[in-house]
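S.K.: The structure's right below; bear with me while I get my questions together.
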Amino acid sequence: MRVLSAIIAALLLTSNAYGDASAARGDEAAIAACFATMDRAPELQPVNKKFARRDPSADQLADTSVASEAEADLLRLRVAKTKPCRELRLNAIRAHEPLLEAAYATLYYQADQVFEYLMQGWISFGEANRLSRLALLAFEARQNAYRSAGSDSARLTLSASWSEVLQRAHSNPPPGGLVICAWEDVNLACR
């Protein structure tokens, strides 16, 4: 009931949120600057070259190496540097398109799983890039469905379904050793 109340409140805010395009552009610029700073951070370059934030190269997808202890530490630092950027994004979404928050929360939930599996040495950099790309494609499909929805009521239905899936989500423990994973709904399942 609490989730439904939050979604209804978000729906009521949606019509006002569309009107402030200049604030949305300012938020987008701040978000882009935050992620660009993380992308350019000299200390993160060893892992940023191996693990793409978006659009991995063929070499990155083919990378069979597993994160060393030093790389795992850098990945933890990357996660820490990414959190403020994510918060900027979620705050902007709450202000301008609150019914899209569940789509972003799902993407971040999936990204956290990939990072954890990579930092633990359960998947290779190539596997992490592949899974991240698939999660991003699924997010883009959710975002496109949201944008294509003909009404706030349809967007509310989509948002509620994404929230429900995320609330039921659970992390599957991987089997021992290096694994290959696939997305089952929003959770990694590995063999």
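S.K.: Taking the solvent-accessible surface of protein heavy atoms with a 1.4 Å probe, what is the per residue accessible area of the chain in Å²?
M.R.: Result: 52 Å² of accessible area for each residue.
S.K.: Which residue, THR157, ALA92, LEU44, has the largest displacement toward the positive end of the dipole of segment 36-191 when charges sit on each Cβ (Lys, Arg +1; Asp, Glu -1)?
M.R.: Ranked along the dipole, the leading option is ALA92.
S.K.: So, one more: Taking springs between alpha-carbon atoms closer than 10 angstrom, which of ALA141, ALA103, ALA128 fluctuates most in the Gaussian network model of the chain?
M.R.: ALA141
S.K.: Let me ask another. Let me cross-check GLU28: its accessible surface, 1.4 Å probe, with only protein heavy atoms counted, in Å² to the nearest 10?
M.R.: Here the residue's solvent-accessible area equals roughly 80 Å².
S.K.: Report the residue, chosen from ASN144, ASN129, ASN91, that carries the largest GNM mean-square fluctuation when the chain is represented by alpha-carbon nodes joined by springs under 10 Å.
M.R.: Top of the fluctuation ranking is ASN144.
S.K.: Show the residues, 5+ positions off or on another chain, whose built amide H is closer than 5 Å to the amide H of LEU188.
M.R.: Long-range HN contacts for LEU188: ASN172.
S.K.: Next question, about the same structure. Working from Cα positions, state the angle (0 to 90°, nearest 10) between the long axis of helix 152-168 and the longest principal axis of the chain.
M.R.: For 152-168 against the chain, the angle is about 40 degrees.
S.K.: Which aspartates and glutamates have a Cα lying under 12 Å from the Cα of LYS81, excluding residues fewer than 8 positions away in the same chain?
M.R.: ASP39, GLU43
S.K.: Pick the calculated Cα extents along the principal axes in Å for this structure from [x] 69, 33, 25; [y] 41, 40, 34; [z] 48, 35, 28?
M.R.: [z]
S.K.: Convert each backbone phi in segment 101-110 into a coupling constant with the Karplus relation 6.51 cos²θ - 1.76 cosθ + 1.60 (shift: θ = phi - 60°), then list the ³J(HN,Hα) values in order as whole Hz, x for Gly and Pro.
M.R.: Per-residue couplings from phi come out as 4, 4, 5, 5, 4, 5, 4, 5, 4, 5 Hz.
S.K.: On to the next question. Run the numbers for SER65 and ALA33: contour at 0.36 nm per residue of separation, minus the present Cα-Cα distance, in nm. Could the numbers behind the result be given before it?
M.R.: On the way: separation 32, 0.36 × 32 = 11.52 nm, distance 3.00 nm.
Gain on extension, SER65 to ALA33, equals 8.5 nm.
S.K.: Grab the Cα-Cα distance for TRP183 and GLU164, subtract it from 0.36 nm times how many residues apart they are, and report the gain in nm with one decimal. Numbers along the way, then the final one.
M.R.: Values: separation 19, 0.36 × 19 = 6.84 nm, distance 1.70 nm.
Answer, rounded to one decimal: 5.1 nm.
S.K.: If you don't mind, there's one more thing I want to ask. For LEU134, LEU178, LEU107, give me the order by solvent-accessible area with a 1.4 Å probe, most accessible first, ignoring ligands, DNA and RNA.
M.R.: Working: LEU134 75, LEU178 105, LEU107 25 Å².
In descending accessible area the options line up as LEU178, LEU134, LEU107.
S.K.: Same structure, new question: Can you give me the % of accessible surface on segment 70-179 that is carbon or sulfur? Probe 1.4 Å, all protein chains present, nothing else counted.
M.R.: 57
The values are calculated or read from the model by the stated rules, or taken from the named source; none is laboratory data. All values derive from a computational prediction rather than experimental measurement. Don't worry about glycine lacking a Cβ; one is built from the backbone with ideal geometry, like all the others, and counts go over all protein chains shown. Heavy atoms of the whole protein, side chains included, go into the accessibility calculation; ligands, DNA and RNA do not. Shrake-Rupley method; radii C 1.70, N 1.55, O 1.52, S 1.80 Å.
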